[in-house]
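Report on the structure given below.
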Amino acid sequence: MRTEPAAFLGGGVLKFVSLIWGGIRRNRGRSILIFAQVLIAFTLFGVLQGLTGAINQAVSASHADRLYVGSRLRLGSPLPIAIMATVRSTPGVIASTYRFVFGATWQKPTQGVAVIATDFDSFLSVYPELEVAPAARRALKQQQDGVIVGAETLRKYHWQVGQRIVLQGLPQKNGSPNWTFDILGTYVNSDDPQNSTAILASYHYFDESVGAQADTIAVATVRIADPGRAADVETAIDKRFINSANETLTQSEREVAEASVASLGDLNTVVHRVIGVTFFVLLFATGALMMQSIRERTPELAVLKTIGFSDRLVLVLILAETLALCVSGAAVGLGLASRILPLARALIGIGSIPLTVVVAGFACALGLALAAGAIPAWRGQRLRVVDALANR
């Protein structure tokens, strides 16, 4: 029975690593090619799978007790604020709020921010995950042009509490697009801190200043006592406005999120097909390159067997080389994806890779390494020393 060489065993793991590293460095161009193609594949995997994973995670984390009342024509189309009395009186509704949202810029057209004109107290009662200091809430009641700014936007533009800012947005009654606000505080979204981006302003200040669309809201939001009766409450609200000039469409937060995802098309199918084709091609490309590497190193493997390396250890060395290249390439690729994905936040409000995607990525890298290195490792294990030294 063949035993491992004593010198190798005495060196332990370090000599094992040095042999693997030597095999990788033997043809640097080929190793770099394998590493690069794995890196690109897992960057694509991280971005696409991270995108779908984050979207699905956001949908599943939606609040079942929150409903949105918008125009049946199109969500966001103006509705008269007078509908709030009817919405509030609907059985099952325990809290309600309203808002008008408009886009504004600060100093440069590229520095955009969403301004939500609302009633602060009712808004925070419907969105309890928004954490605001009590002092800021008290200050808002005393100053109409005061606002609270999301912590992320405050950090992004280097604003400070107490600062006076001028934003460019909807034209006011005097024709000026400039909106002047005093920052009285900040808020953090405890459900998703990175989504603390909007500016919350007083609806009364907005309504008195705006030229067009006065006394209108974009959407009403309600909290209900029993999430299990959400469908009944939705129907009850919409029935109150049926055949009126302002017909409504009431949806749960989950339904709104799912509708947003549906607007992107069948994202899951597209992502799975792209990733499947990418990994299929990568498997064959990596396997072919490893086969070529083993063919070129046949005499070296024969020497290792001659000095006492077992067939099993040769197999492990070859698999370890493939594993090192695939796992390191996957690690760098997923790292790049974690940097790229936040750029999507401006488009869909989601920009972080779920941990499950990272774990799945490394699992795929392990599977890829074993599959791509299986045949080369098997050839190395079955290699006969006499044939190898004779270059047969």
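The values are calculated or read from the model by the stated rules, or taken from the named source; none is laboratory data. Worth saying up front: this structure is predicted, and the values here are computed from it rather than measured. Reconstructed Cβ throughout: ideal geometry from the backbone, glycine too, with neighbour counts over all protein chains shown. Accessible surface areas use protein heavy atoms only, side chains included; no ligands, DNA or RNA. Shrake-Rupley method; radii C 1.70, N 1.55, O 1.52, S 1.80 Å.
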Matching strands (runs of 3 or more DSSP E) fully within segment 169-255 where at least 1 residues are open to solvent by less than 10 Å² (accessible area, probe 1.4 Å) and within 21 Å of D65 (Cα to Cα): 219-224, 248-252
Residues of segment 42-67 satisfying the condition of being in contact with a strand residue (DSSP E or B) (Cβ under 8 Å, 6 or more places away or on another chain), at pLDDT 85 or above and open to solvent by less than 30 Å² (accessible area, probe 1.4 Å): R66, L67
Neighbours by Cβ (under 8 Å, 6+ apart or cross-chain): first from segment 71-93, closer than 18 Å to A214 by Cα; second surrounded by fewer than 16 Cβ atoms within 10 Å (Cβ to Cβ) and among the charged types (D, E, K, R): S71/E247; P80/D215; I81/D215; A82/D215
Among (1) over 11 Å from the mean Cα position of the chain (by Cα); (2) at pLDDT 70 or above; (3) open to solvent by less than 40 Å² (accessible area, probe 1.4 Å), the one test that V332 misses: (3)
Of all residues making up segment 100-111, the number that are open to solvent by 40 Å² or more (accessible area, probe 1.4 Å) and over 26 Å from the mean Cα position of the chain (by Cα): 2
Checking A135 against (1) open to solvent by 30 Å² or more (accessible area, probe 1.4 Å); (2) under 27 Å from the mean Cα position of the chain (by Cα), the condition it does not meet: (2)
Meets criteria (open to solvent by less than 30 Å² (accessible area, probe 1.4 Å), closer than 27 Å to S71 by Cα and in a strand (DSSP E or B)) for A114: no
Lone qualifier among K141, K156 - being surrounded by fewer than 16 Cβ atoms within 10 Å (Cβ to Cβ), more than 26 Å from the chain's Cα centre (by Cα) and of a type in the set (K, R): K141
Some residue of segment 290-300 being part of a helix (DSSP H, G or I) and at pLDDT 75 or above: yes
Scope segment 85-97; condition touching an Asp or Glu at 6+ places or on another chain (Cβ under 7 Å) and either open to solvent by 20 Å² or more (accessible area, probe 1.4 Å) or closer than 22 Å to G169 by Cα (or both); matching residues: G92
Any chance I165 is of a type in the set (V, I, T) and in contact with a Phe, Trp or Tyr (Cβ under 6 Å, 6 or more places away or on another chain): yes
Failed item in (1) within 30 Å of I237 (Cα to Cα); (2) basic (K, R); (3) at pLDDT below 70, with K15 passing the rest: (1)
